[in-house]
Amino acid sequence: MRFFKDRKNVTDPKRPLEGKISSSLQVNIFNIKQVFTLTPNLIFRDIKLLDRQIDGTLVYLQDLADVKKIEKHIIPPLCTGEFDQPPHTSIADFKKTSALQETINGLLKGNTILFLQEHNEAYIYNTVGGPSRTIEDSIFETTLKGSHLGFGETTDQNIALLQQFIPSPKLKAAEVKMEGDLNRHVYLVYLEGTAKEEQLTELTKRIKRTNGDQFINIGQLAECIEDNHWSPFPQFRLTERPDQAAIDLFKGKICVVLDRSPSALIAPGSIMSFFQSVDDYTTRWMLASFVRILRFVAVLISIFLPALYISIVSFNYEIIPIRLLITIGESRAEIPFDPLIEALLMEITLEMLREAGIRLPAPVGQTVGIVGGIVIGQAAVEAGIVSNFMVIIVSLTAISSFIIPNYDMSLGIRLMRFPMMIIASLFGIVGIAVGFMTLIGHIVKLESIGSPYGTLLNPIHSSDFKDSLFRFPLWKAGKSKQSSKD
Amino acid sequence: MKTKRYLLFSFCISALLLSGCNDKTNIEDITMTLMLGIDLNEDNEMIIYSSNPVFDKEVSDKNEEYSVKASSLREGRGELDSLLSGTISKGKMQVLLIGKKVIQHEDWFELLDSLYRDSFSSINCKVIIVEESVADVIYSSPSDKIRLPLHISKLVETGDKRHITRETTLHNLQSDYYSKTKTGSVPRITFNDTINLSGFTLLDHNGIYAADINQYEGELLQLLSNTKLEQLFLTTKFSTDDTNPFQTKLLSYNVGDLKRKVKVTYENGQFVFKTDYSLAIYIKEALNENPYKDREKMEKELKEKLTADFNKLVKSFQDNGIDPVGFGEYARAFQYKHWKKVSDNWGDAFGKSNITIDVSVRIKDEGLNMR
Amino acid sequence: MNEKLTTSQYIFLIHGAQMGVGILSLPRELGEIAGSDGWIAILIGWVLASLTSILIIKALERYPGKTAEEIFKLYFGNILGKLVIIYFASYLVFFSYTLMLSMVMLLKSWILPGTSVTTLLSLLVIPTFIVSRGKVKVLGRYAESTFLLTFWILFLLYIPVDKNDWLYFLPFFKDGFTPIIESSKTTVFSFLGFEIIFFIYPYLGNKKNALKGAIAANTITMVIYVSAAIACYLFYGPDTIGNYFEPVLNQLSNIRFRYVERIDVILLPVYMFVVSTTWIPYVYFTATSLSHIVKIKRCENIILPILISFIIVTFIMNQDWELLNKMKNGVTFMGAIIYVFAFLLYGLSLFHSQKEKGEQLEN
């Protein structure tokens, strides 16, 4: 946050203009021109209303506003129709303002402003157009059977998508303005009566005091409004899928939509929700429960397996049976490195491969996978740098961490592996236990906008137990639409 | 400010943590004693043998064996330290071989003290009595077998499953030693070219050698002590023909289920045990017999034979003044007052008690063959 | 006071405070004195502990919105009340330190003999610091999660038990009732921990469940103690139960699965979770008690100094099992006074209510 604030006054060309709109058309146009210097696509279009009796100017940013709309729905009615207050156009979404700042904000969104001579008020017509993409499936969160719709970049579109999923007047979208000069705002979408009042007010409060000027993505917003900054775990779920968001809305959560960001923020987050996917609801409940348990096993493996290997090899070899022990001993005998170094070497290689694979185009990415997985692994074992067991363990942890459906969570969990490995190399299994204790303590302590984060661990009285570690059949879980109470 | 304080705190903690961890020993730097042997030589000096696996691929012999003279296990380890390159650990000890000469001396059990005192030594280690010299067993490295300690350990485990022997761990040995109602029994191996299991060695209430029983008697002992049965395989010969070996009449069977009832009373200054064993058996082999047709006759013959064998075995226990079956537990549970008087030497009191054994046999299955 | 505990959090906080390292040696202590009848002594301890818990709740009931410290001041006046608070603070801090130290000593003698006690203690300080800085609600959630994550240990104890061993329990009352009564001295103190009710009762959301919850917590503890004692006795029998300091751990070391051996090495660190549900709340409540004596803005700020002083004390002190036993006896003695104190407080509350009634009648 401080980072953003420091730069505020340096590059900002749009200082707040505390002027009212003047009754002189020229003054208004001059003011606008002064604000928008070096803006080539700013268009002023003089028109004469009502048989040239009243002068007016339409102002808009070309390419940001929908010019066809202006030419068809604003200019002809204005020029031909009777002059009225408000002027007669065929655009329903417009408003009147007397603040210059508001017109500037409107312009930047792609609206068209109408200034009139002898009027100290301007009209803002919604002609938002500009570059946008069609609705596509989310590449990032794929599902097998879910709907193939993903959020786009415009707020209106995203809210509309949610409305399609939940056609109910109870679906509310409250606009919340953020701090800062750019007047950024987000929408809080929620189901009235299902979402909790106190969470709504808390969230609104937090968003309001955030400076949103330099937010490109909703991830930045999430970081600014989360409860605990010292946590590896994401405290809000970001989703690109409207159906996922709709499921969460039904559970009483609040969906935050930011313009220009293709994902929506779901608050409050709970650790369980990061291990759920839309497909859990489209497959049969037994399979879904099985898959969910599988994910938890995967989490345990990906956090603890390398640490466990280190502690067994360096400290507590008593706990594995002698046959396995001898096999490990034989494969370790020629390795020059300490188990920790061996594990770190392989884990870091793996993380690098993964990171390399993400940014590369798909065909090249595959090559990286093959080179990394097979060539490096095999060669390292043959060269006697790492043991066979280490390669198996690293591959297992890699696969396990890919099972976690949420990317942010999967990153957080991957990160946890390293401190665990270090503490295991210092204290063996006692170290792992202390690490686990700290982890549980941390999760239990975390809260997301005031509601407990680790509901998985206290399922006794949380009402969404039926949809946590197991997915109970829908006809059983039907009653529990409420989010957990405590 | 606050963050700085926490950072300082966590820095101090991590410095503390990093400073003191001396327990780390990597698996390849450990010399794991998989098998330990204790024996006496001709001059009654104690020799300690140890057998350790070698991990390095450059070495062709996969096990190394050492022997030292010492007066205790821990002292012996001190001696071994000067011979071995790795840190010695008993954490994965599989087998403890004890020479028969050792257990004939009083207070030999004290020797094992370090195995019970050290939290790192394996309490699940199997104890085996060696009939002849322990050295012979330890230094025999059969080329057609896996590592010797593992081989012996596996031998006992499988034997335990088939009830040829019973796995006696360090824990069992200790609890039998301290028990006031039961005396110990330890599996015994003999060695001539190959290692083979040969029944049990029985100890008296002081843990000193009392008697040996062979494999068949060992199986009967397990029946008597109501062990949880998995696959107890018995063969009973009814008659043998000296001229033609193929005319032997015999029956081989699995004992599938065993029910034991023990009643204990105290009459005329002695304990009276009335025991009732009912065996359900599954015929696996019948030579010159027809268990289908003569079922009742067979059951009766088996019953007589088994009763006689049981009685003979128990009689021999009584003569030696030992109770490896654990009848004493019944005496304590049901005749506590009388038992308490003799609790210092239960074996002796058991020797004087009157015991009757009733066996009933039921053939549950004859197999597929009608003849 | 805006945070509320749910009933199950309340139950598991009490239960968690009762489970310490005592259970590891309890079967031996009982077996030595009362033999196979030792488990009956646990029942006696349970009755007494439940009774005392009820009295505590009855005494606190009159001022449902107030914290323990405020109530002490109300009952005893400002100065005497502060003395009581100081007593509690020193008891809590001593209890939690003794417990942490005995856990560390156990870890040292079972798993990490070469690591220094100070190092291990500082290791335990990390999760303690993290959890205890959360408020009562976090402690409640932690206790609850811990119970769910660890209660299965109990079942493992029954794996090595043989079918014939039930004979060890016969005959009942073999040496009369005297040894049972004698050993109940031990068991009464193994239920210490219920005094946490003083501190968590004010936070309980549904006060109606306070009594039921306290009894439920005591009962869970009792069931765990009894089944551990029975399992251990079944495994070791009367003649060998006295052989080891912590027979429960030794029993676990006998368990062998196909892919895992030496379960004790795994379970002792896991058991650390269970023990931590005693010391973590106690460290927190030490801080809250102290904040009533020393003027301080937020009681969480005292936690770090307390924990650092733990490390320093361990560093300076030369600790062995002998000293630890003395410390345990000290804690037990202080706990005994709490039993008496609970009765006293109840008497006082009765007296107060009588007086109030009298005043009402006069008016």
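What follows draws every value from the coordinates through simple rules; no lab data is involved. Everything numeric in this text was worked out from a predicted model, so none of it was measured. Positions of Cβ are backbone-derived with ideal geometry, glycine not excepted, and every protein chain shown enters the neighbour counts.
Structural remarks
- Helix-only [θ]222 nm of chain A, DSSP H runs n ≥ 4, -39500 (n - 2.57) each, per residue, nearest 500: -14000 deg cm²/dmol
- Rg [Å, one decimal], Dmax [Å, integer] - chain C, C-alpha atoms: 21.0, 78
- Projecting the Cα atoms of C:218, B:254, C:95 onto the dipole axis of the protein assembly as shown, where Lys and Arg carry +1 and Asp and Glu carry -1 at the beta carbon, places C:218 farthest toward the positive end.
- Hydrophobic, long helices, defined as DSSP H runs whose alpha-carbon span along the helix axis is 15 Å or greater and whose mean Kyte-Doolittle value is at least -0.5, occur in chain B at B:2-19, B:148-161.
- Compared with the alpha-carbon gap, the fully stretched path from residue C:148 to residue C:70 is longer by 24.7 nm at 0.36 nm per residue.
- With the helix formula -39500 (n - 2.57) applied to DSSP H stretches of n ≥ 4, chain C reaches a computed 222 nm mean residue ellipticity of -25000 deg cm²/dmol.
- Note on residue B:315 and residue B:162: the extension gain reaches 52.5 nm, defined as 0.36 nm multiplied by sequence separation minus the Cα-Cα distance.
- Taken about its Cα centre, chain A carries a charge dipole of about 700 debye when Lys and Arg each add +1 at the Cβ and Asp and Glu each add -1 at the Cβ.
- Between residue A:75 and residue A:177, the contour length at 0.36 nm per residue exceeds the alpha carbon distance by 33.5 nm.
- Alpha-carbon centroids, segment C:251-294 and segment C:24-75: separation in whole Å: 20
- Sorted largest first, extent of segment B:216-371 alpha carbons per principal axis (Å): 56, 31, 25
- Partner lysines for residue C:58 [C-alpha distance under 27 Å; skip if fewer than 8 residues away on the same chain]: C:4, C:66, C:73, C:82, C:135, C:137, C:185, C:207, C:208, C:212, C:355, C:357
- Relative contact order %, chain C, counting alpha carbon pairs below 8 Å whose residues are six or more apart: 39
- Relative contact order, percent, chain B [alpha-carbon distance under 8 Å, six or more residues apart]: 13
- Residue among B:136, B:358, B:241 with the largest mean-square fluctuation in a Gaussian network model of chain B, springs linking Cα atoms under 10 Å: B:241
- Rounded FRET efficiency, nearest 0.05, which uses the C-beta distance separating residue B:143 from residue B:85 and R0 of 30 Å: 0.75
- Label point at residue B:14 placed 7 Å out along Cα→Cβ; residues across segment C:97-136 whose backbone nitrogen lies under 15 Å: C:123, C:126
- Computed [θ] at 222 nm, helices only, for chain B once each DSSP H run of length n ≥ 4 contributes -39500 (n - 2.57): -9500 deg cm²/dmol
- Extending 7 Å from Cα along the Cβ direction at residue B:348 and again at residue B:5 yields two label points whose distance is 7.3 nm.
- Entry note, segment B:20-213: relative contact order of 18 percent, from Cα contacts under 8 Å with a spacing of 6+ residues.
- Inter-centroid distance (Cα atoms) of segment A:427-443 relative to segment B:23-77, Å: 36
- Translational diffusion of chain A, µm² s⁻¹ [Kirkwood Rh, Cα pairs; Stokes-Einstein; 4 °C; 1.567 mPa s]: 49
- Viscosity 1.306 mPa s, 10 °C: Kirkwood-radius Stokes-Einstein D of the protein assembly as shown over Cα pairs, µm²/s: 44
- Förster-model FRET efficiency, 22 Å R0, residue B:265 and residue B:358, C-beta, rounded to 0.05: 0.90
- Percent of C-alpha pairs per 10 Å bin, segment A:130-226, short to long: 13, 38, 39, 10, 0
- Taken along the Cα-to-beta-carbon direction at a fixed 7 Å, the label points for residue B:290 and residue B:41 span 6.6 nm.
- Rounded tilt (10° steps) of A:407-445 against the dominant C-alpha axis of chain A: 30
- Simple spin-label estimate for residue A:95 and residue B:72 in nanometres, 7 Å along Cα-Cβ: 9.0
- Charged-residue dipole, Cβ positions (Lys, Arg, Asp, Glu), segment B:161-227 about Cα centre, Debye nearest 20: 220
- Taking trypsin sites (Lys or Arg not before Pro) as exposed when DSSP calls them loop and at most 13 other C-beta atoms lie within 10 angstrom, chain C has its longest site-free stretch at C:1-257.
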